[in-house]
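Everything below concerns the one structure shown next.
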Amino acid sequence: GDQFPSGATSIYAFFDYSDMADGMAWRQIWYVDGEVGLDKSDTWNAGEEGNYWISIGHDEGLPDGDYALELYVEDQLVQSGEFAIDGGGGTPLPTNQGVVVIGSVVDANRRSRPVVGALVIFLNPGVDIQRWARNRPETDVYTMGVSDESGQFQLATPVEPGQTYPIVVVAEGYRAVTEQNFVLPADAASPFEMEITMVRE
């Protein structure tokens, strides 16, 4: 969305990426009413292509105003977006919109070690993982997310409680994790939190 109610504590930005390389310099700049609210530079470590998310937040609520986000790679502007936080209440998601899934991806042998850049993929119900893995058609992907530097992720799209989803988790240097019949509990509350453990190759 691009309109959020007053008092929102976190806003997430999701984006697809391609033609990237680990080690590239990238930067995110968040503006509030034309003034820089957050300017963060980092080194890319999430691989060549995929889906990524970043966020801005404040425990006491972000200030009302007009926001903008700019993404730079090697000092070149590659994407931007705008949104607003105001006292109008925004447009709340209906309860049947689904459950937001968040979680962490950690090393199975050392759970204090996060797995960075893990791609967490929920396939459409009924898709066979082995068949999908042959050429990985995007049309079979229901939603996905990627773990950040702390191993934390959030799926880009809410999922339906009580539904069965095939899950695939991949990360460089680790064995893929698969679950053909993951059932999100029918009474799952949003956000629903998962912990995924991965074993090194």
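The values are calculated or read from the model by the stated rules, or taken from the named source; none is laboratory data. The structure presented is a predicted model; accordingly, all values stated were derived computationally and were not measured. Ideal geometry is used to build each Cβ from the backbone, glycine not excepted, and the neighbour counts take in all protein chains shown. All accessible areas refer to the heavy atoms of the entire protein, side chains included, with ligands and DNA or RNA removed. Shrake-Rupley method; radii C 1.70, N 1.55, O 1.52, S 1.80 Å.
Are there any strands (runs of 3 or more DSSP E) wholly within the range 1-45 with 3 or more residues that are touching a residue at least 24 places away in the same chain (Cβ under 8 Å), and if so which? Don't jump to the end; show me each part of the working.
Details: elements: 3-5, 10-17, 25-32, 35-43.
It comes to 3-5, 10-17, 25-32.
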Inset, instruction - List every residue pair whose Cβ atoms sit under 9 Å apart, with the two residues 6 or more apart in sequence or on different chains, where the first one lies in the range 95-124 and is touching a residue at least 60 places away in the same chain (Cβ under 8 Å) and more than 11 Å from Gly145 (Cα to Cα) and the second, anywhere, is open to solvent by 20 Å² or more (accessible area, probe 1.4 Å) and of a type in the set (Lys, Arg). - result: Val106/Arg113; Asp107/Arg113; Asp107/Arg200; Ala108/Arg200; Asn109/Arg200
Legend entry - Residue among Asp107, Asp86 that alone is open to solvent by 40 Å² or more (accessible area, probe 1.4 Å) and either closer than 30 Å to Tyr174 by Cα or over 17 Å from the mean Cα position of the chain (by Cα) (or both): Asp86
Legend entry - Candidate set: the range 2-18, residues that are in contact with a Phe, Trp or Tyr (Cβ under 9 Å, 6 or more places away or on another chain) and hydroxyl-bearing (Ser, Thr, Tyr); chosen: the one surrounded by the fewest Cβ atoms within 10 Å (Cβ to Cβ): Tyr12
Inset, instruction - Any chance you could count how many residues in the range 131-166 are within 14 Å of Val99 (Cα to Cα) and among the charged types (D, E, K, R)? - result: 1
Legend entry - Pair list, Cβ under 9 Å, 6 or more apart: the range 167-188 residue within 14 Å of Val101 (Cβ to Cβ) and touching a residue at least 24 places away in the same chain (Cβ under 8 Å), other residue of a type in the set (Val, Ile, Thr) and open to solvent by 70 Å² or more (accessible area, probe 1.4 Å): Ile167/Thr178; Val169/Thr178
Legend entry - Restricting the range 143-201 to residues that are among the charged types (D, E, K, R) and closer than 26 Å to Ser55 by Cα, the residue that is least open to solvent (accessible area, probe 1.4 Å): Asp148
Legend entry - Subset of the range 116-140 that is among the aliphatic types (A, V, I, L, M) and over 14 Å from the mean Cα position of the chain (by Cα) - its residue that is modelled with the lowest pLDDT: Ala133
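Can you give me the number of residues within the range 149-191 that are under 14 Å from the mean Cα position of the chain (by Cα) and at negative phi? Talk me through it step by step, then tell me what you get.
Kept after step one, since they are under 14 Å from the mean Cα position of the chain (by Cα), are these residues of the range 149-191: 149-159, 169, 191.
Filter again for at negative phi, leaving 149-150, 152-159, 169, 191.
Qualifying residue count for the region: 12.
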Legend entry - Selection from the range 32-74 of residues that are at pLDDT 90 or above and open to solvent by less than 50 Å² (accessible area, probe 1.4 Å): Val32, Asp42, Trp44, Gly65, Tyr67, Ala68, Leu69, Glu70, Leu71, Tyr72, Val73
Legend entry - Count of the range 110-142 residues which are open to solvent by less than 60 Å² (accessible area, probe 1.4 Å) and part of a helix (DSSP H, G or I): 4
